[in-house]
Amino acid sequence: MSDLTTILHVDDDEDILEIARMALEMVDSFTLHQCNSGPDALEKIEGVAPQLLLLDVMMPGMTGPDLWAKVKALPGYAETPTIFMTAKAEDSLSQELLETGALAVITKPFDPMTLGAQIRAAWAKL
Amino acid sequence: MKRIRKISLFALVLSNTAISLGLTMLFYSWVPAITASGSERFMLLFVVTSALVALITVVSIAYAKSTDPDYNWAFSGAYDEAIDLREQALNKHTIVSVAHADGRIKEINENFEKTFGYDAREVIGKLPSMLYGEFKDEASFREVFEVVSKGGAWQGEQCLITKDRRIVRVHTTIIPRFDKSGTHTDSISIRTDLTHARAEAASEGRNAVIEGLPDGVIVYDPETFEIIYVNKNGRKRLGWSTGEIEGKHMFDTFTKFDKGLFERYLAPLLNGEAKEVTIEVVHDQGPIEILTHIDAGPDGKPTLISVVRDIAERKQSERLKLNSVSMVSHELRTPLTSIKGALRLIESGALGELGPEIARMISVAHRNSDRLLEIFNDILVLEKLDSGEMDFSQSTLDLRDLLREAAEANAGYGEECQVHFVVNDWGSAAEVHGDSARLMQVMSNLMSNAAKFSPAGADVNLYIQDCAGAWRVCVEDHGPGIPESAHKTLFDSFFQVEDVQEQSRPGTGLGLTISKKIIQRHGGRIAFETELGKGSVFYFELAKHSASQEDIDDAPQSAVA
């Protein structure tokens with residue numbers, strides 16, 4: 001698998017988007033594209049062509065899993081690796097997401113100093 | 001007595017006859033006129049003499065009896081018989097003993113022997129103090145003796161002790177007896193055994209109340225677990241009729257009954273460590289809670305009483321509450337993500353160097369945001385444990401591995417607290433059936449507490465002990481120990497011991513509560529020993545793994561109906 005450089009991050013919380021931007025662009029060196037809703041992400045995904053999706057689970061309207069299902073239905077995106085981030089600390093939810101093909105599940109709060117390393121470690125398993 | 005009177009009468013007639021014959025022969029030999037007359041005169045003389053002697057005897061007896069106004073000479077035979085029958089009745093139906101004026105026993109009847117277990121040789125000549133125990137609100141032996149020894153009568157209910165240390169409840173009447181001069185000679189004690197009557201009355205009273213309870217109630221023998229009584233709702237739950245209870249044991253209440261787990265559940269109750277024990281299990285008909293306590297009957301014999309309560313509704317509301325807690329937890333963790341993330345970025349210097357005071361303040365904020373997160377996590381874990389929603393993944397594991405892994409995982413924390421975790425080797429496998437992640441959580445809780453309360457440079461020892469049917473895992477520190485005021489509430493939520501030294505790492509106050517619930521879900525128990533100034537040992541016990549446990553995934557939940 002090639003090196004990971006481009007990530008599409010989707011979260012409805014503006015502050016978390018800001019923290020993640022600093023963590024992944026400043027602390028690490030990813031090219032990060034961000035959206036604050038599922039519909040916004042679906043509009044932008046063709047122009048971004050991300051290698052990996054970083055999706056919040058609980059979002060109003062379209063949840064992270066819902067967005068993932070729609071992305072997988074798009075041509076060329078059926079196998080796009082996806083990592084979920086969630087503040088819901090339920091083992092069953094994480095297990096369910098992994099069993100349905102998620103690359104990893106990162107619980108919030110996350111450490112911005114190690115978020116990039118966590119994503120790279122998951123990418124390395126591919 | 002009648003026999004004695006018959007013998008006395010016979011003796012009287014015989015002696016009278018002998019006297020008459022003697023006198024006749026005397027007269028016969030003295031009076032030549034009679035001697036010369038031959039045998040006819042001899043016989044006549046004998047008859048006259050006998051009549052005279054008989055008359056003298058009757059007059060003498062009549063005179064003697066006439067001086068006793070209570071004696072009815074005319075009906076003495078019938079009167080004696082009435083006394084005999086009365087004495088027979090007393091002897092048969094009551095417990096009788098007679099004591100000298102000084103209190104020492106001089107006679108007992110058969111009922112005394114049967115009731116108290118002593119034979120005559122063991123009590124004759126002794127004070128009856130061996131029958132008396134120390135009972136609140138009961139007259140002591142000294143108090144009764146005080147009254148009776150002065151010639152007074154005493155009456156009342158007593159709890160007396162048999163030779164084999166059983167309690168017997170009796171109604172006692174003690175009547176002194178006096179001789180003609182008014183001197184107290186002895187006392188007669190007449191007792192009626194009330195034990196069985198009281199037991200039946202108590203049983204009837206109890207049964208009337210609990211028969212109608214909405215919860216199931218089972219009463220059983222603590223040694224054999226044989227069922228004595230099941231109330232209406234209990235019988236309905238078990239599908240038994242009243243007639244089907246006899247001969248049944250607790251093991252018959254559930255097809256997958258785990259006898260070993262049941263005995264461990266009851267152990268604190270039977271050895272006096274607890275006054276009641278509670279367990280939640282999942283029955284075929286849904287979740288139930290079983291609360292058990294010991295009841296001592298009127299005869300002192302203990303029975304176990306288990307109250308079985310359907311908690312499906314409670315579990316449902318707990319699940320709803322858990323969903324709410326889960327949502328609240330999510331809502332709390334989301335802003336905390338931003339707080340912690342921002343503080344971490346600042347603290348790391350990624351956004352520029354900080355002055356020392358700002359750095360210190362940022363560190364304080366970050367540390368407390370960590371603590372807040374720990375509390376949220378612990379509350380959520382506690383809610384999951386209480387509602388039964390926490391999944392336990394059961395497998396066979398070696399406790400030696402658990403200790404080693406726990407020491408490695410918590411080594412960093414130990415270094416921060418300047419303590420060293422030392423694993424004492426256990427030579428052979430110590431296998432249990434459990435969830436390694438949850439047990440690791442328990443180890444981390446116990447080890448972090450031990451580290452927090454240990455002086456710098458101290459060791460915290462981790463070791464295993466063999467406790468017959470269970471393995472005991474111990475975490476031993478050499479800290480200040482735990483004051484007695486904290487013993488009862490140590491495992492309560494949010495309770496924290498006030499340390500003599502200021503704690504730099506206060507916990508959430510939920511670690512021990514969570515650990516206790518995890519161990520209880522494993523069917524084990526958790527406890528501690530402590531000595532002020534020396535340190536504490538926190539330990540938990542889990543049943544040794546056996547081949548039969550392979551099929552039990554949720555052993556603590558399927559133990560009892």
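Here's the yes/no breakdown for (1) within 35 Å of the chain's Cα centre (by Cα); (2) surrounded by fewer than 15 Cβ atoms within 10 Å (Cβ to Cβ):
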site	(1), (2)
B:Gln441	no, no
B:Leu446	yes, no
B:Ala451	no, no
B:Ile464	yes, no
B:Gly469	yes, yes
B:Val473	yes, no
B:Ile482	yes, no
B:His487	yes, yes
B:Leu490	yes, no
Quick check, is B:Ala429 small (Gly, Ala, Ser) and in contact with a strand residue (DSSP E or B) (Cβ under 7 Å, 6 or more places away or on another chain)?
yes
Checking the conditions here, which among B:Leu380, B:Leu320, B:Leu351 is touching a residue at least 40 places away in the same chain (Cβ under 8 Å) and over 30 Å from B:Gly427 (Cα atoms)?
B:Leu380
Do the conditions hold for A:Glu25, that is, is it among the acidic types (Asp, Glu), in a loop (DSSP other than H, G, I, E, B) and without any contact (Cβ under 8 Å) to a residue 24 or more places away in the chain?
no
Restricting to region A:1-35, name every residue that is more than 14 Å from chain B (Cβ to nearest Cβ) and buried (at least 17 other Cβ atoms within 10 Å of the Cβ).
A:Leu4, A:Ile7, A:Leu8, A:Val10, A:Phe30, A:Leu32, A:His33, A:Gln34, A:Cys35
Can you name the residue in region B:367-409 that is of a type in the set (Gly, Ala, Ser) and more than 20 Å from B:Arg521 (Cβ to Cβ) and, of all such residues, is nearest to the other protein chains (Cβ to nearest Cβ)?
B:Ser369
Given the criteria more than 13 Å from chain A (Cβ to nearest Cβ), surrounded by 13 or more Cβ atoms within 10 Å (Cβ to Cβ), among the hydroxyl-bearing types (Ser, Thr, Tyr) and under 21 Å from the mean Cα position of the chain (by Cα), does B:Thr253 qualify?
no
So, restricting to helices (runs of 4 or more DSSP H) that lie completely within region A:51-126, which ones have at least 2 residues that are within 18 Å of B:Met327 (Cα to Cα) and within 12 Å of chain B (Cβ to nearest Cβ)?
A:91-99
Tally time: how many residues in region A:71-126 are charged (D, E, K, R), more than 24 Å from B:Gly341 (Cβ to Cβ) and over 15 Å from the mean Cα position of the chain (by Cα)?
3
Return the residues of region B:204-249 that are among the acidic types (Asp, Glu), surrounded by fewer than 11 Cβ atoms within 10 Å (Cβ to Cβ) and in a loop (DSSP other than H, G, I, E, B); say none if nothing qualifies.
B:Glu223, B:Glu246
Within region B:174-185, residues surrounded by fewer than 17 Cβ atoms within 10 Å (Cβ to Cβ) and either under 17 Å from B:Glu146 (Cβ atoms) or among the acidic types (Asp, Glu) (or both) come out as B:Ile175, B:Asp179
Tabulated pairs, region B:323-343, first at the interface with another protein chain (Cβ under 7 Å from one of its Cβ atoms), second polar (S, T, N, Q), C-beta under 6 angstrom, 6+ apart or interchain:
B:Lys340/B:Ser369
One residue is enough: does region B:89-102 have a residue meeting the conditions surrounded by 12 or more Cβ atoms within 10 Å (Cβ to Cβ), more than 20 Å from B:Ala197 (Cα to Cα), out of contact with any Asp or Glu (no Cβ under 8 Å at 6 or more places or on another chain) and without any contact (Cβ under 8 Å) to a residue 60 or more places away in the chain?
no
Of the residues that sit in region B:344-363 and are at the interface with chain A (Cβ under 7 Å from one of its Cβ atoms) and modelled with pLDDT of 90 or more, which one is surrounded by the most Cβ atoms within 10 Å (Cβ to Cβ)?
B:Arg344
Report, by residue number, each residue of region A:33-85 that is under 22 Å from A:Gln95 (Cα atoms), out of contact with any strand residue (DSSP E or B) (no Cβ under 9 Å at 6 or more places or on another chain) and among the charged types (D, E, K, R).
A:Asp66, A:Lys70, A:Glu79
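Each row is one residue, and each column tells you yes or no for (1) closer than 21 Å to B:Lys488 by Cβ; (2) part of a strand (DSSP E or B); (3) in contact (Cβ under 8 Å) with a residue 60 or more places away in the chain; (4) within 18 Å of the chain's Cα centre (by Cα).
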residue: B:Phe257; (1), (2), (3), (4): no, no, yes, no
residue: B:Phe262; (1), (2), (3), (4): no, no, yes, yes
residue: B:Leu266; (1), (2), (3), (4): no, no, no, yes
residue: B:Leu269; (1), (2), (3), (4): yes, no, no, yes
residue: B:Glu273; (1), (2), (3), (4): yes, no, no, yes
residue: B:Ile279; (1), (2), (3), (4): yes, yes, yes, no
residue: B:Val282; (1), (2), (3), (4): no, yes, yes, no
residue: B:Glu289; (1), (2), (3), (4): no, yes, no, no
residue: B:His293; (1), (2), (3), (4): yes, yes, no, yes
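The values are calculated or read from the model by the stated rules, or taken from the named source; none is laboratory data. Predicted model only: the values in this text are computed from it and were never measured. Heads up, the Cβs are rebuilt from the backbone with ideal geometry, glycines too, and the neighbour counts pull from every protein chain shown.
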